[in-house]
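Visitor: Sharing a structure here in structure tokens format.
Read-outs: derived from the displayed coordinates by stated rules, not from any lab. Because the structure is predicted, anything quoted here is derived from the model rather than measured. All Cβ positions, glycine included, derive from the backbone under ideal geometry; neighbour counts span all protein chains shown.
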Amino acid sequence: MRAEALADRLRARGALLDGHFRLSSGRHSDRFIQKFRILEDPSIVEPLAADIAAAVREYAPTVVVSAAVGGIVLGYEVARQLGTLAIFVEKESGAPALRRSFALGPSDRALVVEDVVTTGLSLREVMEVVRSKGAEVVAVAVIVRREPVEFGVPTTILLELPVQSWDPADCPACAQGVPIDDPGSRRRA
Ligand SMILES: [Zn+2]
């Protein structure tokens, strides 16, 4: 799917909101991503996973690794299309780990997937867990990248959506007296 068509589709689905939002950092932004409006819809996840699978097949991954919770959905669908296993990293006593007896070893070639990347912290944590098991991270794939973060391996990005944000004191929407949007109230019926 072309990036422009994908952005339109995410907008129509309520996954990409335009308005006046307060980010978790406290800064204000004119855009907000509701990633579960993507992940709850197989008719979007399937073609996005197909784009990822097509882009990474040349790296011959043997396993897809993601981060709980959102990444599990994407990872599973990408793995289904590649014919590999799908496992995920979650927190154990506050630290990222493989639980549930998921096995990963030196013969594994891991594709690490993530839905939305901003700082890249969560994705880097997954890469570290993979490498701590002796496995190789052969590629990274993400649906939406919001900051120009790099991972040092071949990376597939389906959509670049740079964050535009302002200190509340400099926010143009605040200056016009526009109230802050609550993304939760804008869920599609
Ligand atoms: Zn504002």
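Visitor: Here's a check for you: in segment 124-149, which residue that is part of a helix (DSSP H, G or I) and surrounded by 15 or more Cβ atoms within 10 Å (Cβ to Cβ) is farthest from the ligand (Cβ to nearest atom)?
Guide: First, pick out the residues of segment 124-149 that are part of a helix (DSSP H, G or I): 124-132.
Okay, now just the ones that are also surrounded by 15 or more Cβ atoms within 10 Å (Cβ to Cβ), so 124-127, 129-130.
Working: R124: 30, E125: 31, V126: 33, M127: 35, V129: 37, V130: 39 Å.
Going through the qualifying residues, I end up with V130.
Visitor: Is it the case that segment 161-174 has a residue that's more than 16 Å from the ligand (Cβ to nearest atom), surrounded by 15 or more Cβ atoms within 10 Å (Cβ to Cβ), in contact (Cβ under 8 Å) with a residue 40 or more places away in the chain and on the phi < 0 side of the Ramachandran plot?
Guide: Yes: one or more hits.
Visitor: Ok, one more. Considering (1) loosely packed, with under 12 Cβ neighbours inside 10 Å; (2) touching a residue at least 12 places away in the same chain (Cβ under 8 Å), say which one G152 fails and leave the rest.
Guide: (2)
Visitor: So, in segment 9-49, how many residues would count as being part of a helix (DSSP H, G or I) and under 28 Å from D167 (Cα atoms)?
Guide: Within segment 9-49, residues that are part of a helix (DSSP H, G or I) and under 28 Å from D167 (Cα atoms) number 4.
Visitor: Which of the residues belonging to segment 69-123 are surrounded by 15 or more Cβ atoms within 10 Å (Cβ to Cβ), outside any strand (DSSP E or B), within 12 Å of the chain's Cα centre (by Cα) and on the phi < 0 side of the Ramachandran plot?
Guide: Hits for segment 69-123 are G70, G71, I72, V73, L74, G75, T118, S122, L123.
Visitor: Of all residues being of a type outside the set (D, E), surrounded by fewer than 18 Cβ atoms within 10 Å (Cβ to Cβ) and away from the ligand (no atom under 16 Å from the Cβ) in segment 17-51, which is nearest to the chain's Cα centre (by Cα)? Just the residue, please.
Guide: Top of the filtered list is F36.
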